[in-house]
Amino acid sequence: MICTRRHALWLAGGAIATCAVTRSSGAQTVINVEMRGSARGERVWFDPLGMSVAPGATIRFTNRDTGNSHTVTAYHPKFYDRMRRIPAASDPWDSDFLLPDAYFEVTLTAPGVYDYYCLPH
């Protein structure tokens with residue numbers, strides 16, 4: 001069997017979820033994902049790369065890369081004709097460009113795998 005990026009993220013999700021920073025506020029759970037980059041900008045990534053979360057959880061994407069702006073954009077035809085890689089019952093999102101230390105939040109409403117990317121990277 002060939003292990004694709006999607007399979008690797010799904011398999012790693014359970015383990016990484018236990019390491020994700022969470023904050024409970026009543027019924028809402030906020031999970032932090034950071035956008036990071038190397039000093040010269042040749043490498044950029046999301047940290048953690050994948051996780052498992054329950055529907056209703058809010059994901060906060062924070063740009064921690066001091067040298068780059070980033071987006072967090074759902075794979076969906078609404079954005080640049082990308083193939084849908086989020087559940088059919090969910091709404092696509094695009095954060096627009098986030099400057100260093102800025103953040104964007106999205107609440108996941110449907111179970112399934114959500115793939116997203118940084119538009120310029």
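The values are calculated or read from the model by the stated rules, or taken from the named source; none is laboratory data. All values derive from a computational prediction rather than experimental measurement. Cβ atoms come from the backbone with ideal geometry, glycine included; neighbour counts cover every protein chain shown. Calculation scope for accessible area: heavy atoms of the full protein, side chains included, ligands and nucleic acids excluded. Shrake-Rupley method; radii C 1.70, N 1.55, O 1.52, S 1.80 Å.
Average projection, convex hull of the Cα set of the range 40-99: 5.1 square nanometres. Placing a pseudo-label 7 Å from each Cα along the Cα-to-Cβ vector at ALA88 and THR66 gives an inter-label distance of 4.8 nm. Taking amide H as placed 1.01 Å from N in the peptide plane, ASN32 has its amide H under 5 Å from the amide H of VAL21, ARG60, each at least 5 places away in sequence or on another chain. DSSP assigns beta bridges within the range 27-70; of those with both partners inside it, close to 40 percent run antiparallel. Charge tally around ASP94: other residues with Cβ under 15 Å, Lys/Arg +1 each, Asp/Glu -1 each, net -1. Placing unit charges on the Cβ atoms only, positive for Lys and Arg and negative for Asp and Glu, gives the range 27-121 a dipole magnitude near 180 debye about its Cα centre. Electrostatic tally near GLY37: other residues with Cβ closer than 15 Å to its Cβ, Lys and Arg +1, Asp and Glu -1, net -1.
Note on the range 24-84: with neighbouring protein chains present and a 1.4 Å probe, carbon and sulfur make up 47 percent of its accessible heavy-atom surface. For the pair ASN32 and ASP101, the difference between a 0.36 nm per residue extended length and the Cα-Cα distance amounts to 23.6 nm.
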